[in-house]
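Have a look at the structure below before the remarks.
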Amino acid sequence: GAARVGGVFFFTRDGAYMIKSIKKEEAKTFLSMLPKYHEFMKKNAPRSLLTRFCGMYGVKLSETKDTKSWKERFLPEKDEEHIFVVMNSVYPAEASHFVSERFDLKGSTVGRECSEEEKASKGSSAVLKDLDLAREVELVRSAPVPIGSMVIPEYGLHIGATAKAALLSQLRRDVGLLIDCGVMDYSLLVGVVDMDAHHFGEESMRT
């Protein structure tokens, strides 16, 4: 979102945090949501799929020879103060070593596909979307299946009945907060690990 409107969005060097610039109107909206968000996360933080916000900061950059070109490129607005929010990264810092696919799902098909340019330039770090998932499901379902093998699931995300019930229950609670706060533009970020390509022992899973 920040990149599309000319803002700044980046990760810390260790990949643990995301930092994003927001407009003053967005900061006011976030502050108005903060009491409800805080109360919700106190009860649901261990299971919630909502972004963990760590802080919001106002930054003023002095005009020097070293900062002028940086400001002109990334922060062209004339306002002296620039507002940033700091969030926990959705994926762990080492995710690039084992996450083979990333999906940003909205439950919509309008414009919901990753460009070929992004796939070519970012590889497994490219963010796929709803239509990309639908094509993968169709490709798998159309493949010949030997007799006696497992049944190909109808949907793209198959996590089992118990995990599905827990996930949907928490998603309903999360979406309930967003509805209560008047937020309507949100999506579900999903990471896929190819378990056949990566062997996770008990010790590695613990860390």
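The values are calculated or read from the model by the stated rules, or taken from the named source; none is laboratory data. Not measured: the values here are computed from a predicted model. Virtual Cβ from ideal backbone geometry, glycine too; neighbours counted across all protein chains shown. What goes into the accessible areas is simple: the full protein's heavy atoms, side chains included, and nothing from ligands, DNA or RNA. Shrake-Rupley method; radii C 1.70, N 1.55, O 1.52, S 1.80 Å.
Quick check: anything in region 8-18 modelled with pLDDT under 85, under 23 Å from Leu178 (Cα atoms) and open to solvent by 90 Å² or more (accessible area, probe 1.4 Å)? Scanning region 8-18 turns up at least one residue that is modelled with pLDDT under 85, under 23 Å from Leu178 (Cα atoms) and open to solvent by 90 Å² or more (accessible area, probe 1.4 Å).
Tell me which of these Arg4 doesn't satisfy, since it passes every other one: (1) open to solvent by 70 Å² or more (accessible area, probe 1.4 Å); (2) at pLDDT 85 or above. With (1) open to solvent by 70 Å² or more (accessible area, probe 1.4 Å); (2) at pLDDT 85 or above applied to Arg4, the lone miss is (2).
Selection within region 109-141: residues that are of a type in the set (S, T, N, Q) and touching a Ser or Thr at 6+ places or on another chain (Cβ under 9 Å). The member of this set that is nearest to Leu188 (Cα to Cα) is Ser125.
The residues of region 83-104 that are among the aliphatic types (A, V, I, L, M) and either modelled with pLDDT of 90 or more or more than 30 Å from Thr29 (Cα to Cα) (or both), listed by number, are Ile83, Val85, Val86, Met87, Ala95, Val99.
Scan Asp130, Asp174 and give me the residue that is at pLDDT 85 or above, over 24 Å from Val99 (Cα atoms) and surrounded by 12 or more Cβ atoms within 10 Å (Cβ to Cβ). Result: Asp174 is the single residue among Asp130, Asp174 that is at pLDDT 85 or above, over 24 Å from Val99 (Cα atoms) and surrounded by 12 or more Cβ atoms within 10 Å (Cβ to Cβ). The set of residues in region 39-51 that are open to solvent by less than 70 Å² (accessible area, probe 1.4 Å) and out of contact with any helix residue (DSSP H, G or I) (no Cβ under 7 Å at 6 or more places or on another chain) comprises Met41, Ala45, Thr51.
Filtering region 27-38 to residues that are of a type outside the set (A, V, I, L, M, F, W, C) and either at positive phi or open to solvent by 90 Å² or more (accessible area, probe 1.4 Å) (or both) leaves Lys28, Lys36, His38.
Check region 145-157 and report whether any residue there is in a loop (DSSP other than H, G, I, E, B), aromatic (Phe, Trp, Tyr) and either loosely packed, with under 11 Cβ neighbours inside 10 Å or at pLDDT below 70 (or both).
Residues of region 145-157 in a loop (DSSP other than H, G, I, E, B): 145-157.
Add one more test, that the residue is aromatic (Phe, Trp, Tyr), and what stays is 155.
Pick out the ones that are also either loosely packed, with under 11 Cβ neighbours inside 10 Å or at pLDDT below 70 (or both) and you get 155.
The answer is yes, given that some residue of region 145-157 is in a loop (DSSP other than H, G, I, E, B), aromatic (Phe, Trp, Tyr) and either loosely packed, with under 11 Cβ neighbours inside 10 Å or at pLDDT below 70 (or both).
May I ask you to verify whether Val192 is at pLDDT below 90, surrounded by 10 or more Cβ atoms within 10 Å (Cβ to Cβ) and part of a strand (DSSP E or B)? The answer is yes for Val192. The condition of being at pLDDT below 95, touching an Asp or Glu at 6+ places or on another chain (Cβ under 9 Å) and either more than 18 Å from Val175 (Cβ to Cβ) or not in a helix (DSSP H, G or I) (or both) holds for Ser48. For region 102-112, taking the residues that are within 23 Å of Leu50 (Cα to Cα) and of a type outside the set (Lys, Arg), the one that is least open to solvent (accessible area, probe 1.4 Å) is identified as Phe103.
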